Amino acid sequence: MPDYRDRLRERLASEGALPSAHAEAIDEIAEHLSDLHAAAERSGRTQADADTIVEAELARMGPLARAVSARATKRQRARPESHDWSGGVAADLTHALRAVCLNRSFSAIVILTLAIGIGACTAVFSIVNALILGSLPYPNPEQLTLVWEMEHDNRDARFIVAHPTYEDWKKDTRSFSAMGIWEYRTYNVASAHEPEQVQGIRATTSLFTALGVSPALGRIFTEAEEAPGHRVVVISDSVWRNHFAAAASAIGSTLRLNGEPFEVIGVMPKGFEFPYRRNGVWVPFAKEYQDEQRGSHSFWVAARMKPDVGFEQARADVEQVGRSLRQRYEESRDEGSTLTMMADQGLGTLRTMLSVLMGAVTLVLIIACVNVANLQLGRALTRRREFALRLALGAGMSRLARQLFVESLMLAAAGGLGGLALAWVTARAADLILTPGFRALPFRGEVPITIDARVLMFAALAALVSAALFGFTPLASLRDRNPQGLLREGERGSTGVASIARRGLVAIEVALAIVVLCGAGLLVKSVSGLLQVSPGLDPHEVLTLQVSLPQADTYGPPTRESFCSDLSSGAEGLPGIRSIGAISHLPLSGANAGRGLTVEGYVPKRDESVSASYRLTCPGYFTTLGIAMIAGRDFNPRDVTKGEQVVIINRAMADAYWKKGESPVGRRLKLGGPRSENPWNTVVGVTENVRHFGLDSEARREIFMPYAQAAWPVMTVVAKTAGEPIAWQSALREVIRRVDPDLPIARVQSMEEVVGSSLNWRETPMRLFTGFAAIGLLLASIGVYGVLAYYVSQRRREIGVRAALGATRRQLASMVVRQSMLPLAAGVILGVAGSLASGRLLQQFLFEVRPGDPQVIATIVALLIGVGLLASWLPARRAAAIDPLVALRDE
C-alpha cells in the first residue's frame with residue numbers, strides 16, 4: 001500500500017497550507033488516504049482509478065488546510081497570550097478538580113501517601129526551625145556574643161574565664177557596647193512557703209544591659225550594689241508565683257537565700273530563664289577573694305557588639321587583647337582570647353544531628369513521591385484514550401504536561417494540608433517523641449516546637465517539589481506515540497518505556513528504603529551496645545536526690561562538717577534504706593570539676609599538665625553504688641577536718657602517675673602546683689574506674705576527698721533501697737528532714753534514670769530514624785506490590801495462554817515472583833552503596849559500630865528481600881488462580 005506522507009507534505013507545502021503541520025496530523029491524513037485507496041481496490045476498481053480518487057481527495061485537502069490555518073491564526077490574534085494563559089489555567093484547574101473527584105480511591109491513596117511523606121518532613125523541619133533557625137529571645141540577638149579564654153594557638157580549645165581577664169577585656173576592647181560576667185550558683189530559697197532548691201547566678205548589672213532585658217516588676221541591681229554587703233535579689237516569674245503568689249507587694253519583701261535575708265528588688269518577665277531553664281535567682285556579683293586570682297577560671301562572659309561592628313572585627317579585637325595579656329602576665333603566657341556567637345552555643349552536635357535527620361526524612365518524602373509516580377504511571381495507561389484524543393485534537397505535549405502538573409499540584413496541595421496536620425500533632429506530642437531535655441537550649445530555656453510561617457512555607461515548598469517529582473511520569477507512556485496507535489490500543493495498551501520506568505521507580509524506592517533502614521539499624525545497634533556497657537557501678541535499686549549546702553569558700557573547709565555523719569545517723573532504723581552516701585558530682589549526670597595536682601615523687605614531662613577530676617564524698621558512697629575498692633580503704637568517720645588529710649584515687653589515676661605494680665596507697669599528693677600552700681593528702685584507697693562522662697567515654701583520672709575535709713556547695717545523696725527506688729522516696733526524704741528540716745531537696749530520681757538520661761541525645765535520632773525507616777519500608781513494599789499487581793492485570797491473557805498450555809500454578813506464581821527480583825536486586829545494590837556512603841554522616845553518633853557494619857547491612861537486605869517477596873505473594877497467587885478460558889474470552 002502506498003505511503004502518502006511525503007506526497008502530502010509536498011502538496012501542502014506547494015500550496016502554502018499548513019507549513020508547520022504537526023506530524024500527528026500528517027499521519028492521520030496519510031492513513032485516511034491509504035484507507036481510501038484500499039477501499040477503491042477492494043470494490044474492483046483498477047489501481048489507476050484508485051489513484052485518481054486519492055488525487056481528487058488530495059485536491060480537497062489544500063483549501064481545507066488553508067481555511068483551518070487562517071481560522072487558527074485569526075483566533076490567536078483575537079485572544080491575547082495573557083488571556084489564553086489565564087483561561088487555560090482556569091480550565092486546567094477545573095479539569096483537575098473533576099479528575100480528582102472522579103477517581104476518589106486513587107486520589108485518597110495519593111493524598112495519604114503524600115501526607116505521610118510531607119508530614120514527616122515538615123515535622124522534622126519544625127524541630128530544625130525551633131532549635132537551629134530560631135533566634136535568641138533578646139533584642140537584636142545577632143549582636144550577642146560569648147567571650148572566652150583559650151589555648152593561645154587553638155580557637156577550638158576554649159574555656160571559661162578568670163575575673164581579672166574580664167576586667168582587662170572591658171577596659172581594652174573597643175567593639176562592644178556592653179559586657180557582663182556571671183557564675184553559676186545553687187540557692188536554697190525559703191519564705192513562708194515550702195523551701196526549694198533553685199538554680200541561680202551571681203552577675204554584674206552590665207549582663208542585663210548586654211542582654212537588653214528589663215524586669216517586669218521593680219528593677220535590677222546597680223553597680224554600687226555589686227560591692228559586698230548588698231543583699232538584694234532579682235527573681236524569676238516562677239519563684240515570684242511560688243513564694244509570693246504573684247503579688248506586686250513582693251517588691252521590697254524579704255526572701256531567704258542559703259539562710260541569709262535578701263531584699264527582692266525585681267521580677268523578670270515570664271519565660272526569662274537566662275542562662276538556662278529553671279534559673280530563678282540573680283544576685284549581685286559581689287567580688288570574692290578567690291575572684292582576684294588570674295588562674296581561677298570560673299566565669300562566663302557575654303558581650304553585645306556595637307551596631308556598626310561585625311563579628312570578625314569584634315573577634316579580631318578580642319584576640320588582639322588576648323595576645324597583649326600573654327605578654328603582660330606570666331599566668332596568661334599559654335592563653336589567648338576569642339569570641340563566638342551566643343546563638344551558636346551548644347548547637348554543634350545538635351546541628352549535625354538534625355541535618356542528618358533532615359536528610360533521612362527527605363529520603364522518605366522521595367520514597368513517597370516515587371510511590372505516587374508509580375501509581376500515576378499505572379493510572380496513565382488507563383487514561384491513554386483520553387490523552388490520545390487530546391493529542392489528536394491538537395494539544396501538544398507541553399499542554400498535556402501542564403494539565404498533568406496541575407492535577408498533581410492539586411493532589412500535592414491536599415497531601416501538604418494533611419502533612420501539616422500530622423506535623424501539628426507531632427509538635428503537640430513533642431515531649432513524647434523527643435527525649436527529656438532535648439529542647440532545652442543554652443540562653444533560651446525550653447524551646448517550644450510550633451508551626452509558624454516558616455514551617456508553613458516549607459510545607460508549601462515540599463508540596464510543590466513533590467508535585468514536580470511525580471507529576472510528569474505519566475508522559476513516559478506517551479513518549480514517541482501517535483494518537484492513532486494509542487486509540488487502537490485503548491486501555492489495554494502497554495509500553496516498554498512505562499514498564500521499564502515502573503520497575504526503575506521500584507528499584508529507587510528499595511534503594512532509598514535501605515539507606516534509611518541501615519541508618520536506623522546502625523543507631524539501634526549503637527544504643528543497644530551502649531546499654532551493655534558497664535558504667536563501673538551498679539545503678540540498680542539506687543535512689544538519688546540533690547541538696548544544697550552553701551559554702552562561703554567553694555573548696556572548703558566545710559561549713560557543715562557533720563553533714564556525712566548526720567546523713568548516716570539519719571538513715572539508721574529507716575526501713576528500705578540499706579546504705580547511704582553522698583557525692584559532689586554524680587557519675588553520668590554531666591556534673592564535673594577539675595583540679596591541678598602535685599604528685600609526690602612524680603616528675604611531669606615537658607608541657608604535661610598533672611590534673612584530675614575532683615570529687616567530694618561521704619563514707620558509704622562507694623558501697624552504695626557498688627564501686628569496687630581494689631586497694632586500701634573507704635573513708636570513715638575519723639576522716640574529719642582536723643584529722644590526717646586523706647584522698648582516694650581511681651585506677652586511671654594510679655596507672656597515670658605510679659609505676660605498674662607499685663601501690664599508690666600511702667603515697668601523697670596535693671592540690672595545686674609544687675609551690676602551693678595546700679596540705680599534702682595521703683592516698684588511703686584505690687577504686688575501680690567509673691565512666692563518669694558517659695557510657696561511650698573512657699574513664700578519666702579522678703580523686704576523691706572526704707566532705708568533712710574539703711566541702712562542695714551541692715551534694716547528691718545516694719541510697720541503696722530494698723526494691724524499686726522510687727517507692728522509697730518518702731524514706732529518703734525523712735533522712736534529709738532528720739539532717740535538717742529546712743534543707744530543700746531537688747532532682748529526685750533513680751540511678752537507672754540517670755544512666756538512661758546520659759543516652760538521651762542518642763535516643764532521639766534513633767527514635768526518629770526508626771520511625772522514618774518503618775515508613776520507608778511500608779511505602780517500598782506497597783510500591784513492589786503495586787507494580788506486580790499491575791503486571792498481572794496487564795499480562796492476564798498471556799498467563800491464561802500459559803495455563804491453557806499446561807503451566808502449573810506453581811510455575812505461574814514463580815514467574816510473577818521472578819518479575820519482582822530484578823528491581824529488588826537493582827535496588828539492593830544501589831541501596832547498599834548509598835548506605836556505605838551516607839553512613840559516614842552518622843559516625844559521631846555511633847558507638848563501636850562502623851558505618852558499613854556487615855551485620856546491619858545483611859539484616860536490612862534480608863528484611864527488604866523478605867518484604868519484597870511477601871509483597872509479591874498476593875499478585876503471584878492471583879496470577880496462579882487465573883482461569884484460562886475466562887482470560888481468553890475477556891480478550
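Read-outs throughout are calculated quantities, based only on the coordinates presented, and are distinct from any laboratory measurement. Computed from a predicted model, the values in this text were never measured in an experiment. No Cβ is skipped: glycine too gets one built from the backbone with ideal geometry, and neighbour counts run over all protein chains shown.
Between Asp156 and Leu112, what FRET efficiency follows from the Cβ-Cβ distance if R0 is 41 Å, with the result rounded to 0.05?
Working: r = 48 Å, r/R0 = 1.16.
The computed FRET efficiency comes out at 0.30.
How big is the Cα convex hull of the stretch 106-231 in projection, averaged over all directions, in nm²?
Working: hull surface 61.2 nm².
Across all orientations, the stretch 106-231 yields a mean hull projection of 15.3 nm².
What is the distance in Å between the Cα centres of the stretch 205-276 and the stretch 737-761?
Between the Cα centre of the stretch 205-276 and that of the stretch 737-761, the gap is 27 Å.
At a Förster distance of 30 Å, what's the computed FRET efficiency of Leu432 paired with Leu461, Cβ-Cβ distance as r, to 0.05? Display every interim value, and only then the final one.
Details: r = 28 Å, r/R0 = 0.92.
Rounded to the nearest 0.05, the efficiency is 0.60.
Which shape class applies to the stretch 277-345: rounded if a/c is under 1.5, otherwise prolate when a/b exceeds b/c and oblate if not, where a ≥ b ≥ c are the square roots of the Cα gyration tensor eigenvalues? Before the final figure, lay out each step's value.
Values: a/c = 2.27, a/b = 1.05, b/c = 2.17.
Oblate is the answer for the stretch 277-345, as a/c is 1.5 or above yet b/c matches or exceeds a/b.
What's the FRET efficiency of Arg45 with Ala90 using the Cβ-Cβ distance as r and R₀ = 35 Å, to the nearest 0.05? The partial results should precede the final answer.
Details: r = 52 Å, r/R0 = 1.49.
Rounded to the nearest 0.05, the efficiency is 0.10.
For a test of the definition: using alpha carbon positions, the gyration tensor, and the 1.5 limit on a/c, classify the stretch 677-756 as rounded, prolate or oblate.
Details: a/c = 2.36, a/b = 1.29, b/c = 1.83.
Note, shape of the stretch 677-756 comes out oblate.
Find how many whole Å separate the alpha carbon centroid of the stretch 129-199 from the alpha carbon centroid of the stretch 850-873.
The stretch 850-873 and the stretch 129-199 have Cα centres spaced 50 Å from each other.
Test of understanding: express the Cα radius of gyration of the stretch 189-278 as a ratio to 2.2 N^0.38 Å, with N the residue count.
Values: Rg = 12.3 Å, N = 90, 2.2 N^0.38 = 12.2 Å.
The reported ratio for this selection is 1.01.
In whole Å, largest first, what are the principal axis extents of the Cα atoms in the stretch 261-309?
Sorted from largest, the Cα extents of the stretch 261-309 read 43, 37, 20 Å.
Rounded if a/c is under 1.5, else prolate if a/b is larger than b/c, else oblate: which is the stretch 543-613, with a ≥ b ≥ c the root eigenvalues of its Cα gyration tensor?
On the way: a/c = 2.52, a/b = 2.16, b/c = 1.17.
Prolate, because a/c is 1.5 or more and a/b exceeds b/c.
For Leu778 and Val533 in one chain, what is 0.36 nm times their gap in residues minus the Cα-Cα distance, to one decimal in nm? Show your work: numbers first, answer last.
Values: separation 245, 0.36 × 245 = 88.20 nm, distance 3.33 nm.
Fully extending the segment from Leu778 to Val533 adds 84.9 nm.
Given 0.36 nm per residue, what is the gain on full extension from His193 to Glu662 after removing their alpha carbon distance, in nm? Mind dumping the intermediate values first?
Values: separation 469, 0.36 × 469 = 168.84 nm, distance 5.62 nm.
Gain on stretching His193 to Glu662: 163.2 nm.
Are there GluC sites (Glu not before Pro) in the stretch 503-575 that DSSP puts in a loop and that have at most 15 other Cβ atoms within 10 Å, and which ones? Numbers along the way, then the final one.
Values: sites: Glu509, Glu541, Glu561, Glu572; in loops: Glu541, Glu561, Glu572.
Loop-located and lightly packed - Glu572.
Based only on Cα atoms, what Rg/Rh ratio does the stretch 586-648 have, Rh being taken as Kirkwood's radius?
Numbers: Rg = 14.5 Å, Rh = 14.4 Å.
Taking Rh as the inverse mean 1/r over Cα pairs, Rg/Rh reads 1.00.
Taking 0.36 nm per residue of sequence separation and subtracting the Cα-Cα distance, how much length would be gained by fully extending the chain between Arg850 and Leu417, in nm to one decimal? Provide the component values of the computation, followed by the final result.
On the way: separation 433, 0.36 × 433 = 155.88 nm, distance 3.94 nm.
Between Arg850 and Leu417, full extension yields 151.9 nm more.
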